[in-house]
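J.: If you scroll down you'll find the structure; I have some questions about it.
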Amino acid sequence: MRIFNENEIVGGLGELEEIYKVEPIGVKYTCDKCGEGEMLSTGKNNWSANPPQFEHVCSICNHKDYFFEKYPLVRFRTVQM
Ligand SMILES: [Zn+2]
């Protein structure tokens, strides 16, 4: 695996900034009603809530719920360099 150096970072690095390698991982949300379906974003959002909430529906039982994030989503985890 190639390890990049600081000169290759777009925008450069500040004195106290340091780099670390990450990899993306997908995160999905299991329905808390049937325990089997996956909660999927319907695209309908409640913008009047603060913070806004995203409507989701279960892929199996149609249970509806609102979350602060849109699932499935991508997070990053640190990889040892
Ligand atoms: Zn369900």
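The values are calculated or read from the model by the stated rules, or taken from the named source; none is laboratory data. Quantities reported herein were computed from a predicted structural model and do not represent experimental measurements. Note: ideal-geometry Cβ built from the backbone for every residue, glycine included; neighbour counts use all protein chains shown. Heavy atoms of the whole protein, side chains included, go into the accessibility calculation; ligands, DNA and RNA do not. Shrake-Rupley method; radii C 1.70, N 1.55, O 1.52, S 1.80 Å.
J.: According to a simple spin-label model (label point 7 Å from Cα along Cα-to-Cβ), what is the distance in nm between Asn46 and His63?
T.: Placing both labels 7 Å beyond Cα along the Cβ direction yields 1.7 nm.
J.: Which whole-number percentage describes the relative contact order of the chain, with Cα contacts under 8 Å and a sequence gap of 6 or more?
T.: 33 percent
J.: Still on this model: Return P(r) of the chain (all Cα-Cα pairs; 5 Å bins starting at 0; whole %; ordered from short to long distances).
T.: Cα pair-distance distribution for the chain, in percent: 3, 13, 15, 14, 12, 9, 9, 11, 9, 3, 0.
J.: With every protein chain left in place, what is the accessible area per residue of the chain in square angstrom, probe 1.4 Å?
T.: Ligands and nucleic acids excluded, the figure is 80 Å² per residue.
J.: If you place +1 on the Cβ of every Lys and Arg, -1 on the Cβ of every Asp and Glu, and leave all else neutral, what size is the dipole of segment 27-81 about its Cα centre, to the nearest 20 Debye?
T.: It works out to roughly 160 debye.
J.: Then there's this: Tell me, what ³J(HN,Hα) does each residue in segment 48-63 have, in order and in whole Hz, if you take phi through Karplus 6.51 cos²θ - 1.76 cosθ + 1.60 with θ = phi - 60° and put x for Gly and Pro?
T.: The phi angles translate into 7, 6, 10, x, x, 10, 10, 6, 10, 9, 5, 6, 10, 9, 6, 4 Hz.
J.: Every cysteine in the chain with no other Cys Cβ under 4.7 Å from its Cβ, please list them in numeric order.
T.: Cysteines of the chain left without a disulfide-compatible partner: none whatsoever.
J.: Same structure, new question: Could you give me the ³J(HN,Hα) list for segment 31-46, computed from phi with Karplus coefficients 6.51, -1.76, 1.60 and θ = phi - 60°, whole Hz, x at Gly and Pro?
T.: After applying 6.51 cos²θ - 1.76 cosθ + 1.60, I find 4, 8, 8, 9, x, 10, x, 9, 6, 10, 5, 8, x, 8, 10, 8 Hz.
J.: Also: Under the rule of at least 5 residues apart or a separate chain, name every residue whose amide H is placed under 5 Å from the amide H of Glu38.
T.: When sequence neighbours closer than 5 places are left aside, the close amide H contacts are Cys31, Ser59, Ile60.
J.: Among Ser48, Thr78, Ile60, pick out the residue whose Cα is farthest towards the positive end of the charge dipole of segment 8-81, where Lys and Arg carry +1 and Asp and Glu carry -1 on C-beta, about the Cα centre.
T.: It is Ile60.
J.: Still on this model: In square angstrom, rounded to the nearest 10, how much accessible surface does Leu13 have for a 1.4 Å probe?
T.: 60 Å²
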